[in-house]
Amino acid sequence: MRLENKVAVITGGARGIGYSIAEKFASEGAKVVILDLNQDSIDKAVAKLNKLQEDATGYIADVTNSQQITDIFKQIYKRFKQIDILVNNAGITKDNLMMRMKEEDWDAVINVNLKGTFNCTQKVSRYMMKQKNGVILNIASVIGIMGNAGQANYAASKGGIIALTKSTAKEFASRNIRANAIAPGFIKTEMTDNLSQEVIDKYAEVIPLNRMGTPHDVANLCLFLASEEANYITGQTICVDGGLVM
Ligand code: NDP
């Protein structure tokens, strides 16, 4: 068990990539806490996670709400007396060409993806600093490295996450807190389910491994980065993308 007795908080953990990470961590012995928006999805996810590892739990939390996140981390720390791992995974898209992008769609994506990552990092860091131990994993995207037409807001938020990860790594290294970013490529989840087969085929053509990835591919890297095997790795952005970015 690579995460035995560790407490891991995963935002947006009720479904998609976040749930896969929660499942992987629970199956390696972690006590998993998921933060998400919908109580029904949280309850279903927690019920499945508890079959792998007792003590899985979930809270309704909007990562953009600074006060709510402060209160929830306080509750989590009170309950478990430690918070070892934070995975900033909650993310949204609101795509449009820049000329047509509404201000509220720009703000919404920057708020959830970038400010949400900052909020959770800032709130958890006081506990990790006290413990002199912690791992922060930020789910970015290859789009934050490459850019993409029609995703200016998303690309900016994910590029911001990569820069934020480096600052986090530098600021907290002396307290033995590591921070790394994971940049998934084209991963099959509900977020990508609404794409047409034509778009999927077009992407597959430019991916050297010639296929979409799975949430498990992302979760496997997260497990490695969260484990002690990655003790000398911080401030990095690692792509899980079938070779799309190289
Ligand atoms: P999903 O849309 O499948 O899941 C996202 C989860 O985050 C949902 O449970 C959602 O809740 C939750 N969420 C959304 N907004 C908030 C918020 N404000 N506070 C708390 N939780 C929130 O996404 P994926 O699993 O596909 O993506 C997960 C992460 O991976 C995202 O950061 C995404 O940008 C990134 N990524 C995904 C790729 C892909 O190909 N799928 C590629 C590269 C990166 P609800 O269900 O209620 O909306």
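Each value in this text was obtained by applying a stated rule to the coordinates, not by laboratory testing. In this text the structure is predicted, and so the values were computed from the model without any measurement. A quick note on method: Cβ atoms are made from the backbone with ideal geometry, for glycine too, and the neighbour counts reach across all protein chains shown.
What does the charge count near Gly242 come to, summing +1 for each Lys or Arg and -1 for each Asp or Glu among other residues with Cβ under 15 Å from its Cβ? Intermediate values should be presented prior to the final figure.
Numbers: positive: Lys188, Lys202, Arg211; negative: Asp201, Glu205, Asp217, Asp241.
With Lys, Arg at +1 and Asp, Glu at -1, the neighbours total -1.
Once Rh is set to the Kirkwood radius over Cα pairs, what Stokes-Einstein translational diffusion coefficient, in µm²/s, holds for the chain at a temperature of 20 °C and a viscosity of 1.002 mPa s? Walk me through the numbers on the way to the answer.
Working: Rh = 18.0 Å.
Stokes-Einstein gives a translational diffusion coefficient of 119 µm²/s.
Could you give each residue of segment 165-174 its phi-based ³J(HN,Hα) in whole Hz, using Karplus coefficients 6.51, -1.76, 1.60 with θ = phi - 60°, and x for Gly or Pro?
With the stated coefficients, segment 165-174 comes to 4, 5, 5, 4, 4, 5, 5, 10, 4, 5 Hz.
What size of dipole, in debye to the nearest 20, comes out for segment 196-239 about its Cα centre when the only charges are +1 on Lys and Arg C-beta atoms and -1 on Asp and Glu C-beta atoms? Let's see the in-between values first.
Details: 2 positive and 6 negative charges, 11 e Å.
The dipole of segment 196-239 has a size of about 60 debye.
What net charge is computed for the residues neighbouring Tyr59, neighbours being all others with C-beta under 12 Å from the C-beta of Tyr59, Lys and Arg scored +1, Asp and Glu -1?
Numbers: positive: Lys74, Arg79; negative: Asp36, Asp43, Asp62, Asp71.
Counting the neighbours of Tyr59, the net charge comes to -2.
In percent, what relative contact order does segment 1-145 have, based on Cα pairs under 8 Å that are 6 or more apart in sequence?
On the way: 244 pairs, mean separation 34.4, N = 145.
Here the relative contact order equals 24 percent.
Going toward the positive end of the dipole of the chain, with +1 on Lys and Arg Cβ and -1 on Asp and Glu Cβ, which of Thr93, Gln75, Gln151 do you reach last?
The residue sitting farthest along the positive end of the dipole is Gln75.
Once you charge only the Cβ atoms, +1 for Lys and Arg and -1 for Asp and Glu, what is the size of the charge dipole of segment 101-246 about its Cα centre, to the nearest 20 debye? Each step should come with its number before you reach the end.
Details: 14 positive and 14 negative charges, 183 e Å.
So the magnitude is around 880 debye.
To the nearest 10 degrees, how steep is helix 66-80 against the longest Cα principal axis of the chain, on a 0 to 90 scale?
On a 0 to 90 degree scale, this one is about 40.
Quick check: the distance between the Cα centres of segment 68-128 and segment 21-55, to the nearest angstrom?
18
Within the chain, which is the longest segment that contains none of the GluC sites (Glu not before Pro) sitting in a DSSP loop with at most 10 other Cβ atoms within 10 Å?
The segment 55-246 is the longest one with no such site.
In debye to the nearest 20, how big a dipole does segment 7-240 give about its Cα centre with +1 on each Lys and Arg Cβ and -1 on each Asp and Glu Cβ?
Numbers: 26 positive and 24 negative charges, 183 e Å.
That gives segment 7-240 a dipole magnitude of about 880 debye.
So who's got an amide H within less than 5 Å of the one on Ala30, skipping anything under 5 residues away but keeping other chains? H placed 1.01 Å off N, in plane.
The list, which skips near neighbours in sequence, is Leu3.
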